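K.L.:
Quick one: structure below, then a few questions.
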Amino acid sequence: MDYKDLNLIGSSSPHIRTKDGAGHIMGEVLIAMVLPLAFAVYNFGPRALVTTAVSVAGCCIFEWLYRAILRKSNSLGDLSAAVTGVLIAFVCPVTIPYWILLIGDFFAIVVVKQLFGGVGKNFLNPALAARAFMLSWAGEMTNWVGPRSSVPLTGVIDAVTYPTPMSLLHENNLAGLQQMYDLPKMFVGLIGGSIGEVSALLLILGGLFLIWRKVITWYIPVTYIGTVAALTFLFPRGNDPVQWMLYNLLGGGLMLGAFFMATDYVTSPVSHLGQVIYGVGCGLITVFIRYFGSYSEGVCYVILIMNLTVWIIDKNIKPHRFGVIKEKKKPTETTKKEAAKK
């Protein structure tokens, strides 16, 4: 066959191109979070929507200002700042003062993301790092309200701290939790908690949407949730194993963390085996913190800890390179002598 008439063009990789850039992928993530946000508005009132809007605006403004001051290109089109803003709001109580929220936005965008080079360069999940930093105001960050609450949009909020499912589980009070929240309420999300973590049903649907759209893979969410399920079932702390396991799965930030936080491209392993190890590690440490820590919930810190192990996972577990044939080791003098003896 004559290749001279094919007008072949030689170029460096990548040779497969797609229109699915960062903006498209982040757009899919935003779509997946629409239903959990809508339910948060139903469960906590319009302040949930306003809080999320303030957080998104803060993240976008801080990113634009930082890059404008340093005369860098505008990166708002990749929508990563908007996703970070939504996630920061999702991991906060609806009563969070706006000024603390904006401090968290600044920390996530400027300190965690931009100072390390921008999107794709951060080694920690910006939203979770911001939440860990915002716990400097522990009182405001743990001021929970009950389900179907109407929180005023502005002014000082005099809210009574409401027990969340995780606080009752941490006290090993499964009976009290069952009286307050049955499993259907837990699954739907008619419970107290952070803005975006309450509805396990809608978070699972959002995660399945991302898997269907091939934005994320199933390896991290399934191994993370599966590890927590296995450990809480095998070690129910004197309670009914199935009930204890289900309440642990549906309470806290497990579903939000497994589908929307731990799967972040930049801060999670590349290979499938690495993602499995990462997910199992997240599950192990989550149960360890919930059982033996003084803090009732550990998803935020767990994912940040595992973020720090990604480099070593990727270093030791490398995907097979397409088209590369593994070279056979040349026999040494020792192996030749051993073969001759046989």
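The values are calculated or read from the model by the stated rules, or taken from the named source; none is laboratory data. Nothing here was measured: the structure is a model prediction, and the numbers come from that model. When we count neighbours, we look across all protein chains shown, and the Cβ atoms used for this are built from the backbone with ideal geometry, even at glycine. Ligands, DNA and RNA are stripped out before the accessible areas are found, and what is left, the full protein with its side chains, is counted by its heavy atoms. Shrake-Rupley method; radii C 1.70, N 1.55, O 1.52, S 1.80 Å.
K.L.:
Does anyone have the angle between helix 34-44 and the longest principal axis of the chain? Alpha-carbon axes, 0 to 90°, nearest 10?
P.N.:
For 34-44 against the chain, the angle is about 20 degrees.
K.L.:
With a 1.4 Å probe and every protein chain left in place, work out the accessible area per residue of the chain in Å², rounded to a whole number.
P.N.:
Details: 18100 Å² over 342 residues.
Result: 53 Å² of accessible area for each residue.
K.L.:
Right, something else. Could you pull the accessible area for residue 217 with a 1.4 Å probe, rounded to 10 Å²?
P.N.:
Roll a 1.4 Å probe over it and residue 217 shows about 60 Å².
K.L.:
Counting only protein heavy atoms and a 1.4 Å probe, tell me what percentage of the chain's accessible area is made up of carbon and sulfur. Show your work: numbers first, answer last.
P.N.:
Numbers: 11930 of 18100 Å².
The value for the chain is 66 percent carbon and sulfur by accessible area.
K.L.:
Can you tell me the relative contact order of the chain? Whole percent, Cα pairs under 8 Å, sequence separation 6 or more. Provide the component values of the computation, followed by the final result.
P.N.:
Numbers: 478 pairs, mean separation 56.3, N = 342.
With pairs under 8 Å counted, the relative contact order is 16 percent.
K.L.:
Which values, in whole Å and largest first, are the semi-axes of the equivalent ellipsoid of the range 88-153 obtained as the square root of 5 times each eigenvalue of the Cα gyration tensor? The partial results should precede the final answer.
P.N.:
Values: eigenvalues 135, 21, 19 Å².
Semi-axes (√(5λ), whole Å): 26, 10, 10.
K.L.:
In addition: Would you please report the Å³ per residue occupied by the convex hull of the alpha carbon atoms in the range 189-300?
P.N.:
Working: hull volume 11.6 nm³, N = 112.
With only Cα atoms used, the range 189-300 gives 104 Å³ per residue.
K.L.:
Shifting gears a bit: Would you calculate the convex hull of the Cα atoms in the chain and tell me its volume per residue in Å³?
P.N.:
Working: hull volume 76.2 nm³, N = 342.
Considering the Cα atoms of the chain, their hull volume per residue is 223 Å³.
K.L.:
Helix 200-212 versus the longest principal axis of the chain: what is the Cα-based angle in degrees, 0 to 90, to the nearest 10?
P.N.:
Long axis of 200-212 versus the principal axis of the chain: about 20 degrees.
K.L.:
Here's something else I'd like to know. Return the subset of 113/214; 214/318; 121/185 for which the Cα-Cα distance in this structure is over 30 Å, preserving the input order. Before the final figure, lay out each step's value.
P.N.:
On the way: 113/214 25 Å; 214/318 21 Å; 121/185 40 Å.
Result: 121/185 exceed 30 Å.
K.L.:
Let me ask another. For the range 180-262, what is the relative contact order in percent, using Cα pairs closer than 8 Å and at least 6 residues apart in sequence?
P.N.:
Once divided by the residue count of the range 180-262, the mean separation gives 34 percent.
K.L.:
Return the sequence-ordered ³J(HN,Hα) values of the range 67-77 in whole Hz as given by the Karplus equation 6.51 cos²θ - 1.76 cosθ + 1.60 applied to θ = phi - 60°, using x for Gly and Pro.
P.N.:
6, 6, 5, 8, 6, 9, 5, 6, 10, 5, x
K.L.:
Now for a different question. In what sequence, highest mean first, do 187-200, 238-251, 268-281 appear when ranked by Cβ atoms within 10 angstrom? Please list the in-between numbers first.
P.N.:
Details: 187-200: 24.4, 238-251: 18.1, 268-281: 20.3.
So the order, starting with the most tightly packed, is 187-200, 268-281, 238-251.
K.L.:
Could you compute the net charge surrounding residue 254? Neighbours are other residues with a C-beta less than 13 Å from the C-beta of residue 254; K and R count +1, D and E count -1.
P.N.:
Values: positive: 290; negative: 197, 297.
It works out to a net charge of -1.
K.L.:
Another question, if that's okay. Taking the Cβ of residue 126 as the centre, find all other residues whose Cβ is under 14 Å away and add up their charges (Lys, Arg: +1; Asp, Glu: -1).
P.N.:
Details: positive: 113, 121, 131; negative: 63, 78, 105, 264.
Overall, the nearby charge balance is -1.
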